[in-house]
Amino acid sequence: MLGKGWHRDASRSGGPADGDESPTGETATRSATDKHDLGPIIGRSIRTEVFFGMSRPDGTLVPKSDWDNFVETQIESCFPNGFTEIPGRGNYRGNPEPVRILIVVHRHFPGWRTVFHALAFLWKKDQHQVEVLAVHTPCESESL
């Protein structure tokens with residue numbers, strides 16, 4: 001059993017928007033640059049994987065310096081407790097392309113989806129991307 005908040009949020013197609021109320025009555029007001037005190041990630045958590053394409057519609061590649069700047073100015077400020085970034089190779093609508101995969105294990109907090117939506121919005125706007133894929137999976141985590 002995942003708990004009340006997980007069922008409510010998981011059933012929503014777009015996730016909560018700013019101003020949505022969480023099951024605990026708190027209001028979501030997160031942005032892509034908010035810092036979250038997620039504390040130790042032990043117990044019931046969410047593993048979010050975000051796939052950022054590195055090919056633009058005109059066929060050019062996003063420069064590594066643009067990705068590094070995005071990590072430093074956006075991702076690091078959203079997840080000061082840590083994240084993993086993995087380079088990979090994907091395929092978008094029949095076209096192979098390099099990707100960067102962001103993995104974050106985090107607690108459920110009000111507006112947590114909004115943080116990822118904001119990162120995706122910024123990446124699509126700044127790098128002329130059509131889509132960013134996010135996969136959210138409930139998990140149990142522990143610090144070893």
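Laid out as a table, the results:
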{"item": "Unmet requirement for Leu102, which otherwise passes all of (1) surrounded by fewer than 17 Cβ atoms within 10 Å (Cβ to Cβ); (2) under 28 Å from Arg44 (Cβ atoms)", "result": "(1)"}
{"item": "Contacts under 6 angstrom Cβ, first residue in region 130-142 being assigned to a loop (DSSP other than H, G, I, E, B), partner among the hydrophobic types (A, V, I, L, M, F, W, C) and exposed (fewer than 14 other Cβ atoms within 10 Å of the Cβ), 6 or more apart", "result": "Glu142/Ile42"}
{"item": "Number of the condition not met by His117 [criteria: (1) assigned to a strand (DSSP E or B); (2) surrounded by 16 or more Cβ atoms within 10 Å (Cβ to Cβ); (3) modelled with pLDDT of 95 or more]", "result": "(1)"}
{"item": "Test: Pro98 is assigned to a strand (DSSP E or B), more than 18 Å from Phe51 (Cβ to Cβ) and not charged (D, E, K, R)", "result": "no"}
{"item": "Checking Glu21 against (1) within 22 Å of Cys139 (Cβ to Cβ); (2) out of contact with any Gly (no Cβ under 9 Å at 6 or more places or on another chain); (3) at pLDDT below 90, the condition it does not meet", "result": "(1)"}
{"item": "Those residues of region 80-90 which are modelled with pLDDT of 95 or more and not small (Gly, Ala, Ser), in sequence order", "result": "Phe83, Thr84, Glu85, Ile86, Pro87, Arg89"}
{"item": "Search result, residues across region 73-90 that are surrounded by fewer than 17 Cβ atoms within 10 Å (Cβ to Cβ) and assigned to a strand (DSSP E or B)", "result": "Thr84, Glu85, Ile86, Pro87, Gly88, Arg89"}
{"item": "Yes/no for Arg93 being modelled with pLDDT under 95, at positive phi, surrounded by fewer than 16 Cβ atoms within 10 Å (Cβ to Cβ) and of a type in the set (D, E, K, R)", "result": "yes"}
{"item": "Residue in region 62-72 that is surrounded by the fewest Cβ atoms within 10 Å (Cβ to Cβ), counting only those that are in contact (Cβ under 8 Å) with a residue 40 or more places away in the chain and either under 15 Å from Val115 (Cβ atoms) or acidic (Asp, Glu) (or both)", "result": "Asp66"}
{"item": "Of all residues making up region 25-79, the number that are more than 21 Å from Asp126 (Cβ to Cβ) and modelled with pLDDT of 90 or more", "result": "3"}
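The values are calculated or read from the model by the stated rules, or taken from the named source; none is laboratory data. The model shown is predicted, which means the values in this text are computed figures rather than measured ones. Ideal geometry is used to build each Cβ from the backbone, glycine not excepted, and the neighbour counts take in all protein chains shown.
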